[in-house]
Structure formats: structure tokens, C-alpha cells
1. Residues to consider are B:ILE112, B:ILE67; find the one that is assigned to a helix (DSSP H, G or I) and within 14 Å of chain A (Cβ to nearest Cβ).
2. Inside the stretch B:30-75, can you point out the residues that are of a type in the set (A, V, I, L, M) and touching a helix residue (DSSP H, G or I) at 6+ places or on another chain (Cβ under 7 Å)?
3. Would you check if there is a residue in the stretch B:44-51 being within 13 Å of chain A (Cβ to nearest Cβ), at pLDDT below 90, open to solvent by 30 Å² or more (accessible area, probe 1.4 Å) and within 19 Å of A:LEU126 (Cα to Cα)?
4. What residue, of A:ASP51, A:ASP13, is at pLDDT 75 or above, open to solvent by 30 Å² or more (accessible area, probe 1.4 Å), more than 14 Å from every other protein chain (Cβ to nearest Cβ) and assigned to a strand (DSSP E or B)?
5. Of all the residues that make up the stretch A:110-137, how many are under 20 Å from A:ILE175 (Cα atoms) and among the β-branched types (Val, Ile, Thr)?
6. Residues to consider are A:LEU394, A:LEU359; find the one that is aliphatic (A, V, I, L, M), under 18 Å from the mean Cα position of the chain (by Cα) and on the phi < 0 side of the Ramachandran plot.
7. So, restricting to helices (runs of 4 or more DSSP H) that lie completely within the stretch B:185-283, which ones have at least 3 residues that are open to solvent by 40 Å² or more (accessible area, probe 1.4 Å) and of a type in the set (A, V, I, L, M, F, W, C)?
Amino acid sequence: MNAGVSAPIIEVDRLGKSFRLGEIHRDWTARLRDRLRGAPRAPAPLLRALDDVSFTVGEGEVFGIIGANGAGKSTLLKVLAGITDPTTGHAILRGRIASLLEVGTGFHPELTGRENVFLNGTILGLRQREIREEYKRIVEFAGLDHFMDTPVKRYSSGMQVRLAFAVAAHLRPEILLIDEVLAVGDIAFQRKCLGAMKDVAGGGRTVLFVSHNMAAVSSLCHRVLMLRHGKVVAIGPTDEIIETYIHSMEDTHELDARGFVSLHSRKPIARHAPLILRAVRLVDEQERPVSSVRTGEILRVDVQVEGLDAYPSAVVGVTVRSVFDQKIFHFNSAMSGGFGAAPRHPVERVRIEIPDLPLMAGAYSLDLLVFEPGVRLIDRVDGAVGFDVIESDLYGTGYRGEAREGLIVVRGDCRIDGVEGGP
Amino acid sequence: MKPSSRSQRPIEVVRRPRHGWFDLALGELWAYRDLLGTLVWRNLTVRYKQSVIGIAWAILKPVMQMIVFSVVFGRLANLPSDGMPYPIFLYAGLLPWTYFTSTITSASGSLIGGGNMINKVYFPRMILPFSYLFTGLIDLALSMLVLFGMMAWYRAEMVFGLQMLLFPVFLLPAIAFAGGLSLWLSATAVRYRDIHHLVPYLLQIGMFVTPVVYAVKLLPARFQWLLQLNPMTGVVEGFRWALLGKPVQGWGMMGAGFLISLLLLFSGMVYFRRVERTVADII
């Protein structure tokens with residue numbers, strides 16, 4: 001740490017954070033009773049949100065933090081941002097820090113767009129002078145020139161997000177901590193945010209980026225840290241760690257031992273449906289449950305259907321939708337000529353495979369349905385399971401597609417084919 | 001934030017568990033003065049949005065209170081006012097008192113009200129309750145205009161002198177006392193929401209142990225010193241001395257009151273800094 005040049009810009013050393021579980025003063029009467037009786041006081045259970053976390057980030061690096069819900073990603077960011085103190089260990093950050101844990105922190109609905117730019121900007125750590133200098137560019141980025149004197153409560157939620165992100169995009173810190181801000185807004189806006197973040201990343205700034213959106217992590221980050229139950233599971237190159245993450249689905253509680261998402265809790269569309277969709281999962285080629293699949297690979301869907309033995313003529317199908325709920329494609333068992341074998345058990349597992357998945361990287365959802373052809377719909381679950389598509393080197397040239405090129409990916413070929421019009 | 005001596009980078013921030021008691025981080029408060037300014041302005045703007053007369057309410061509220069109290073306490077109850085016209089005697093006391101109560105009321109809930117910001121961004125949290133100290137001063141400055149008008153009206157019965165320029169001095173204990181209480185109350189309210197229900201009653205009682213609607217003389221002489229230990233007594237009496245020329249008994253006790261409020265402010269800052277460390281986990 002003696003040479004300023006080689007010292008990492010962020011150094012995290014055995015950082016830990018514990019929370020006492022339970023409500024703050026629930027049961028104080030019970031505790032008082034215990035104490036009067038002289039009973040020993042039971043220690044409150046501790047949750048280790050962060051446990052011995054160490055890593056370093058170099059200057060100019062875009063560093064991703066991934067993990068399931070409750071893995072400690074946001075806690076880590078909050079400790080680094082100074083929002084809450086760690087319990088053990090320490091972290092050194094060498095530079096001016098800005099944290100963007102949500103867009104529009106402190107926005108007040110009664111204030112106008114202009115007033116909120118100043119409010120939000122100073123909350124994020126800008127000086128008023130800096131905001132005045134950047135104001136025109138902020139308004140331009142948000143595209144809201146005519147609304148700056150209107151109270152924000154009259155804005156659509158999309159407009160609010162745009163204004164808020166415009167402020168955030170004009171922060172000029174050396175270290176930027178970002179949490180899931182891309183989870184809001186429409187696709188066009190998400191793209192703009194991603195672009196703005198790439199500018200930040202390209203500008204030599206160091207970025208720590210927490211996200212569930214594997215597509216965004218994959219296209220932005222140089223290195224990734226994966227957390228599970230507050231501990232570091234892996235640190236390394238983005239693709240490698242994302243791969244590890246995809247295969248580590250076991251701690252998502254709604255899944256059973258084999259990775260099936262139960263569909264029991266929903267309201268059935270008909271009370272006495274003879275056929276019921278029970279559960280669904282996605283698997284990879286080694287039959288391991290996954291939550292994402294790469295472009296160009298095989299999408300494998302397992303569906304548990306009850307009552308198929310009594311209705312062998314029923315058809316099971318899937319519909320894939322984009323994040324705007326737009327149907328992208330539908331496929332069902334009738335298209336490929338039935339199930340291949342007659343169903344014999346009360347609950348059958350139906351496997352649907354879609355090879356060469358032509359989807360652009362991003363988040364998608366899957367509807368399931370079962371129907372009697374030409375007669376009636378028997379059961380349907382919209383959005384039964386969500387999954388991410390992760391970009392891959394489909395063309396073998398290192399080219400990675402971007403969502404703005406379209407929703408689907410095609411293969412193709414291109415060559416010079418003879419001479420036209422010449423002598 | 002402390003500058004690192006060896007690297008060329010100007011800033012090095014260390015996040016670690018804090019254990020000390022007396023790190024008040026005043027330098028950091030200064031570094032965030034722009035945020036303080038913006039919040040003061042937000043508090044004012046938000047309060048009067050969508051109201052027709054807007055900030056005139058800041059003047060109207062104490063004036064209306066003065067009229068009601070003058071009738072009830074001055075005319076009907078005939079409370080003593082040290083030989084001055086009751087309305088101006090009352091109003092000169094009502095102004096610092098209104099500053100005190102409105103500041104405490106807003107500031108004691110400021111951490112809970114700012115919970116969303118606290119959870120998402122780091123800034124010295126003390127800025128939240130402190131912003132209301134300044135918002136209240138702006139309201140006070142506006143209602144002072146009315147007092148000057150009244151002084152002109154009652155001119156014949158007033159004594160004017162250079163001491164008039166001293167009235168801001170008596171605001172200092174009011175600011176320190178309100179600031180100290182706000183820190184204690186806002187930090188405690190994070191854990192115990194009971195504070196929210198308790199504050200209005202405390203303030204109501206406070207008004208009767210402060211000589212706002214009556215003169216100190218109303219009390220038997222041997223109890224007057226108790227009243228004067230209340231820092232707000234010094235403030236109210238000091239205002240009347242500076243602006244209306246009313247003689248003051250017990251300067252010494254007034255000094256003691258000021259010391260008490262300084263002590264409260266300092267202990268409030270120490271306590272607040274302790275709570276601040278984990279406030280984002282609880283709120």
C-alpha cells in the first residue's frame with residue numbers, strides 16, 4: 001500500500017455484518033417476567049448477512065456482485081456506501097464515492113421536476129454549483145424539457161424514473177456503487193441506462209454493480225463476485241462465475257428437491273379441472289435445474305401434469321413472453337406429433353425441448369397451458385416460471401448481440417458473390 | 001473522511017465498526033452544508049405548496065394564536081404582564097416559543113420521515129433534524145415583522161435602546177435547546193415510536209412551565225428559580241428585555257439555563273452519533 005498507483009481502489013478485508021433477528025421490543029413483557037423469575041435470558045438469534053467477505057477491485061474495473069435473494073449483496077453495498085456500519089472487518093475505498101441504490105432517492109411528489117433535480121442531486125452528494133452547471137444536460141438526457149415546472153406527482157412513473165436516472169447519470173464520482181437500478185422502467189429506458197453505465201465504465205471510473213439481471217452483468221462487468229448466505233462463493237471472470245451461479249439454484253425456497261417450481265398456490269381457472277399443471281422446472285443438459293439458458297442452446301422445460309392418463313389426447317404447450325408481455329413464440333405437444341408414448345401415471349412429467357433457442361439476452365417468462373384441441377382450454381398458468389437468457393458467442397466471432405437489435409437472434413452467412421454491372 | 005497522506009488520491013474512506021463515544025464528525029457536517037441548505041428550502045417549500053397564501057401562514061399562525069390567547073388569558077383570566085399591554089407582552093414570548101415547539105414537532109420525526117433516504121444514501125444523519133432548526137428561523141424572521149409593527153403601534157409605552165440589537169443573542173439558547181431535544185427525541189423515536197405520541201403533550205406542559213402567557217411574578221418568589229432553570233424562560237425573558245425593555249430578574253439563572261441547553265445539545269450529539277451507526281438497520 002505504499003505506492004498509490006498499485007493500491008487497489010477498493011480493498012475489502014474480512015468484512016462481516018450481523019443482525020439480531022426478531023422484532024425490536026416484541027415480548028418485553030415476557031423478558032421482564034423471565035428476569036423477575038430469574039430465568040436466564042435467551043440470546044437473540046443472529047443473522048450473518050455478511051461473513052468474512054474479502055476482495056479487492058482495481059481502478060477502472062467494473063465489478064459485479066451476484067447471488068440469490070438474501071445472499072447479502074445489498075448489505076455489502078450498504079456497508080461500502082456507509083449507510084450502515086459493518087460488525088467486523090474493514091473496507092478501504094480510495095476515491096469519491098457515489099451510491100445509487102435506487103433511482104430518485106428523496107424525490108418529493110409536491111416539488112417540481114426542477115426542484116427535485118436539485119434535491120436529489122444534493123442528496124447524492126453533488127454541490128449545488130455542480131447541479132447548476134449540469135442542469136441543461138440533465139434535462140436533455142431525461143427528455144422532459146416541458147415538464148420541469150410541473151410537480152413530480154403529475155409525472156407518470158416512467159417520467160419520474162427518467163428524471164431520476166438523468167440526475168444519477170451526471171454524477172462524477174471515482175467509485176460508483178449501483179444496486180438493481182435497471183430493474184425499473186421500460187425496455188427502451190433500461191437500454192439507455194445500460195448505455196449510460198457503459199459510459200461510466202468506459203470513463204475510467206470504478207463501478208460496483210449488484211444485479212439479478214445476468215444479461216446486464218454479463219455485458220457490463222469485467223469480474224464478478226458471487227455471494228451465498230453472506231459468504232464469498234467465487235470470484236473470477238464474468239462468464240465463469242455466471243456459469244457457477246446458474247448451477248446453484250438449491251437455496252431458492254420455492255423449489256423442491258429436484259428444482260420444480262410448485263404451481264399449487266395459484267387460483268385454478270376451473271374448480272374441477274380434470275387436468276392440472278402441478279409444477280415446472282428448467283434443466284440443462286446434465287438434468288440440473290437452472291434459471292437461465294444461453295442463446296443458441298437448448299431450452300428444456302419439465303412440466304408435471306396431473307390427469308394426463310385419463311386424457312391422452314390433451315395437448316401441453318408453452319408460450320414464451322418478453323418482459324413487455326409480448327408473446328414471442330408458442331410450442332406444444334401436438335405440433336411435434338404428441339408425446340411419443342402414451343401417458344400412464346396419474347402425474348406425468350412432460351419434457352419440452354426447444355433446440356437452438358433464438359432469443360436475445362434478457363429476461364423472459366414462460367406460460368404453461370394444457371388443452372383439448374378444438375374443444376377447450378383445461379388449465380393455464382401465465383408466467384409460471386421466469387428465466388434469463390444469457391448471450392453467447394453464437395457466431396464464433398466474439399460478437400455479442402444487444403437487446404436493441406431485436407428480440408430474436410438468427411444465424412446467417414454473408415459473402416461476395418460474383419461481380420455486378422462491371423465490364 | 002480523512003485525506004490520505006501517501007497516495008496521490010485525495011480521499012480515502014474507511015468503513016469499519018465504530019466504537020468511540022465522542023467522534024462528532026463536525027467537519028463532515030460542514031462538507032454537507034449544501035444538502036443542509038437544500039433540505040431547509042425543501043421543508044419550507046413543501047409546507048406551503050398548493051396553499052393560496054403560502055408562506056403568509058408563517059405570519060398568520062402566531063398572530064391568530066396571539067389574538068385568541070390575548071382574549072382568554074389577558075382579558076378573561078387577567079394574567080399579569082409586568083405592566084405592559086398584554087398583546088405585545090404575549091406576542092414577544094409567543095414568537096420564540098412557537099419557534100421551539102414547531103421545530104421540536106417536525107424534527108423529532110425527521111429520522112423516521114427520512115427513512116427512505118437513510119436507507120439508500122449516506123450523509124451525516126444529523127442534517128435531518130438540524131434542517132428544521134433553520135426552517136423555523138425563517139418562519140420566526142417573518143413573524144418578527146408583525147412584532148415590529150406592534151412595537152410601532154404601542155410606541156408610547158415602550159422603551160427603545162441599543163439593547164434591541166441584542167435579541168438574536170437570546171435565540172442561541174433557544175436553538176441549542178431545541179437542537180438538543182430534537183437530537184434526543186428523533187434518535188429515540190427510531191426505536192420507540194411512542195415518542196411521536198408523547199411530544200405534543202410534553203410541549204403542552206412546556207408552555208405552562210415557561211412564562212409565555214403570564215409573567216414570572218405570578219409564581220411565589222421561592223419557586224421562581226425553578227421556572228428560570230428552564231432554558232426557554234431565559235429566551236422568553238431575554239426577548240422581552242431586548243425588544244420591550246422589560247427588566248429581568250435573575251440573569252444568573254438565565255445563564256444556568258443556557259448552560260443546561262448547551263449540555264443537552266452536546267449530549268444529544270453524542271447519543272445521536274451512537275444511534276446513527278445502526279439507524280439504517282432499524283428504521
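The values are calculated or read from the model by the stated rules, or taken from the named source; none is laboratory data. Just so it is clear, the model here is predicted, and its values are computed rather than measured. Every residue, glycine among them, receives a Cβ derived from its backbone with ideal geometry; neighbour counts consider all protein chains shown. The accessibility values were calculated without ligands, DNA or RNA, using every heavy atom of the protein model including side chains. Shrake-Rupley method; radii C 1.70, N 1.55, O 1.52, S 1.80 Å.
1. Working: B:ILE67 fails: within 14 Å of chain A (Cβ to nearest Cβ).
Checking each option against the conditions leaves just B:ILE112.
2. Going through the stretch B:30-75, the residues of a type in the set (A, V, I, L, M) turn out to be B:31, B:35-36, B:39-40, B:44, B:46, B:52-53, B:55-56, B:58-60, B:63-64, B:66-68, B:71-72.
Within the stretch B:30-75, B:LEU35, B:LEU36, B:LEU39, B:VAL40, B:LEU44, B:ILE55, B:ALA58, B:ILE59, B:VAL63, B:MET66 qualify.
3. no
4. Working: A:ASP13 fails: more than 14 Å from every other protein chain (Cβ to nearest Cβ).
After ruling out the rest, the residue left standing is A:ASP51.
5. Selection size over the stretch A:110-137: 3.
6. Details: A:LEU394 fails: under 18 Å from the mean Cα position of the chain (by Cα).
None of the others qualify; the one that does is A:LEU359.
7. Values: elements: B:194-208, B:224-229, B:231-244, B:251-276, B:279-282.
Here the list reads B:194-208, B:224-229, B:251-276.
The rows are residues; the columns are (1) buried (at least 19 other Cβ atoms within 10 Å of the Cβ); (2) part of a loop (DSSP other than H, G, I, E, B); (3) within 14 Å of chain A (Cβ to nearest Cβ); (4) not hydroxyl-bearing (Ser, Thr, Tyr).
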residue: B:PRO17; (1), (2), (3), (4): no, yes, yes, yes
residue: B:TRP21; (1), (2), (3), (4): no, yes, no, yes
residue: B:LEU24; (1), (2), (3), (4): no, yes, no, yes
residue: B:GLY27; (1), (2), (3), (4): no, no, no, yes
residue: B:LEU36; (1), (2), (3), (4): yes, no, yes, yes
residue: B:ILE59; (1), (2), (3), (4): no, no, no, yes
residue: B:THR98; (1), (2), (3), (4): yes, no, no, no
residue: B:THR101; (1), (2), (3), (4): yes, no, no, no
residue: B:ALA107; (1), (2), (3), (4): yes, no, no, yes
